[in-house]
Amino acid sequence: MFESAKLKHRVNPVTFKREEKKLREALLDAQIDLLEQRRFPVLVLIAGVEGAGKGETVNLLNEWMDPRHIHTHGFGPPSDEERERPANWRFWRALPPKGQIGVFFGAWHTMPIVQRVMGQIDDGEFASSVADIRRLERMLCDEGVLLVKYWFHLSKGQQKKRLHALEKDPRTRWRVTDLEWDYFKLYDRFIEVCDPFLRETSTGEAPWIVVPGVDPRYRALTVGRHLLATLRQRLKDGGESSRPARKALPLPAPRDSVNVLSKLVLDQQLTRAEYRKELEKWQGRLNSLARDPRMKQLSVVAVFEGNDSAGKGGAIRRVTQALDARFYDTVSVAAPTEEERAQPYLWRFWRHLPRRGNLTIFDRSWYGRVLVERIEGFCSDADWMRAYGEINDFEDAMVRHGTVVVKFWLAISKEEQYRRFKEREKVAFKRFKITKEDWRNRKRWHEYEVAVCDMVDRTSTAKAPWTLVEANNKLHARIKVLQTLCAALEERLEQVPKKRKKD
């Protein structure tokens, strides 16, 4: 992909000055339209060889447009806080909202390339990283992000000349360190890795634009004109992605009443006396596990979903009663806020992922997309159908990073739900728990049951399986949740080596 970048493209100063004025005005107008419409965000990825003018071009874009609405992030080595979460966490939380422009230096592509060049990962691991990047970028584009990717390039001779020139100039000498020269020595290896990488990750919705970096005026006009044309085209399309609208193929309709929920025996027996003994036992074990020194190397995400009035809140309280309040957080998920609607769907969940040694409980979660949003028509069929794969990728990223993911579906019968609804209406301090929406959702019981079964079937993985909890008896449900959580922690802790005590 680099052959055209080796050509000696030039723009003379007079032409540049004339074109720059028109381009600045047009870019600023497009940025204002983007801000007023607030229909989509723009994310610009900046990559390429050292000395090819990446920083200068970004500074110029900030000069040409309103910098108040451009969010530029340079990603170097991850901080301690970032290392304690999945690798993409720091990129997710920096995504620009709708109406804004984000510029990323050193985004998700940088680490795999450097690791492969340095021999820290093999071909298989590199191919896996490339596949992860393709899925991530596709998801961002599906969510409406205008993803623009620029690769600034120099030939080996051009790069050497450029580094020497920067090094001689007192104003730019600071930009050339031993690291830049070390990378220059590996130029051929970088090209060997980067060329196929760019081909694999250059897609129809997010192609790489290779920018010759020798002439600063040429590269500035190249990026500015392309960004303007891309932005104007999306604005003209009303903010919609250029990808044709897709219709999802239907899932097979159930042919009988046999499913993972109908096979549950919902009325499990557990007396109040037995419950007290079991509660003390399992809360004690959970507390002991949470204080295990090896927990500092792990994090925990517990997801609670279930029928309305299935007892999620009560089960969550029995978990938190056993924990130190300094090390857990409960996230109650409701309808997205304006801030959250301005971001890709999973953004509001990524930002709540816990640090190592901590636990986050999600009371409702990212599964809303394949449940309530599916049933109520809050998203298209294509959106909730693709969400299964995106959710599996999300949870896989957590598990690979050392997060224990435990997912509970609390199931009750339709008759038991009716009894609990009526009880809530009668008890004064429980009335806030029952709304007209709960009664309305009840009328769509069968549709939700089908959606839940599809959800379990498509997102119960070996790394993050669903636990179906028979919840007609709340006491049994609470104990099963505690037992399952303890078993998951014990299994994972056994895989963590204990640190040897110093002599």
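The values are calculated or read from the model by the stated rules, or taken from the named source; none is laboratory data. Here the structure is a predicted model, which means the values were calculated and not measured. Every residue, glycine among them, receives a Cβ derived from its backbone with ideal geometry; neighbour counts consider all protein chains shown.
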Pick from region 129-165, criterion of a type in the set (Lys, Arg) and over 20 Å from PRO344 (Cα atoms), ranking: surrounded by the most Cβ atoms within 10 Å (Cβ to Cβ) = ARG162
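Can you tell which of SER257, SER262, SER309 is in the same structural domain as PHE408 (by TED's automatic domain parsing), closer than 20 Å to CYS453 by Cα, of a type outside the set (A, V, I, L, M, F, W, C) and modelled with pLDDT under 95?
Details: SER257 fails: in the same structural domain as PHE408 (by TED's automatic domain parsing); SER262 fails: in the same structural domain as PHE408 (by TED's automatic domain parsing).
Of SER257, SER262, SER309, the one residue that is in the same structural domain as PHE408 (by TED's automatic domain parsing), closer than 20 Å to CYS453 by Cα, of a type outside the set (A, V, I, L, M, F, W, C) and modelled with pLDDT under 95 is SER309.
Just checking, which of GLU423, GLU490, GLU416 is surrounded by 12 or more Cβ atoms within 10 Å (Cβ to Cβ), at pLDDT below 95 and farther than 27 Å from TRP384 by Cβ? Talk me through it step by step, then tell me what you get.
Numbers: GLU490 fails: at pLDDT below 95; GLU416 fails: at pLDDT below 95.
Testing whether each residue is surrounded by 12 or more Cβ atoms within 10 Å (Cβ to Cβ), at pLDDT below 95 and farther than 27 Å from TRP384 by Cβ leaves just GLU423.
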Output yes when any residue across region 328-346 is of a type in the set (Lys, Arg), closer than 20 Å to GLN297 by Cα and under 16 Å from the mean Cα position of the chain (by Cα), and no when none is.
-> no
If we keep only residues of region 120-157 that are touching a residue at least 24 places away in the same chain (Cβ under 8 Å), charged (D, E, K, R) and not in a helix (DSSP H, G or I), then the residue farthest from GLU200 (Cα to Cα) is GLU143
Of all helices (runs of 4 or more DSSP H) fully inside region 1-89, the set with 3 or more residues that are of a type in the set (Asp, Glu), out of contact with any strand residue (DSSP E or B) (no Cβ under 6 Å at 6 or more places or on another chain) and in contact (Cβ under 8 Å) with a residue 40 or more places away in the chain is 13-37
Within region 80-97, which residues are in contact with a helix residue (DSSP H, G or I) (Cβ under 8 Å, 6 or more places away or on another chain) and of a type outside the set (Asp, Glu)?
-> PRO86, ALA87, ASN88, TRP89, ARG90, TRP92, ARG93, LEU95, PRO97
Single unsatisfied condition, HIS446 versus (1) more than 27 Å from the chain's Cα centre (by Cα); (2) buried (at least 16 other Cβ atoms within 10 Å of the Cβ); (3) over 30 Å from LYS296 (Cβ atoms) = (2)
Set LYS54, LYS98: member being at pLDDT below 95 and basic (Lys, Arg) = LYS54
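Filter region 90-116 down to the residues that are outside any helix (DSSP H, G or I) and of a type in the set (Phe, Trp, Tyr) and list them by number. Quick ask: steps written out before the conclusion?
Start the filter on region 90-116 by keeping residues that are outside any helix (DSSP H, G or I), which leaves 93-109.
Residues satisfying the conditions are PHE104, PHE105, TRP108.
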Do we find a residue being among the aliphatic types (A, V, I, L, M), surrounded by 13 or more Cβ atoms within 10 Å (Cβ to Cβ), in the same structural domain as GLY76 (by TED's automatic domain parsing) and modelled with pLDDT of 95 or more anywhere in region 17-26?
-> yes
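Can you tell me which residue among PHE432, PHE378 is more than 31 Å from the chain's Cα centre (by Cα), surrounded by fewer than 17 Cβ atoms within 10 Å (Cβ to Cβ) and of a type in the set (Phe, Trp, Tyr)?
Details: PHE378 fails: more than 31 Å from the chain's Cα centre (by Cα).
Step by step, each of PHE432, PHE378 is checked, and only PHE432 is more than 31 Å from the chain's Cα centre (by Cα), surrounded by fewer than 17 Cβ atoms within 10 Å (Cβ to Cβ) and of a type in the set (Phe, Trp, Tyr).
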Across region 202-228, what is the number of residues that are crowded, with 20+ Cβ neighbours inside 10 Å and of a type in the set (S, T, N, Q)?
-> 1
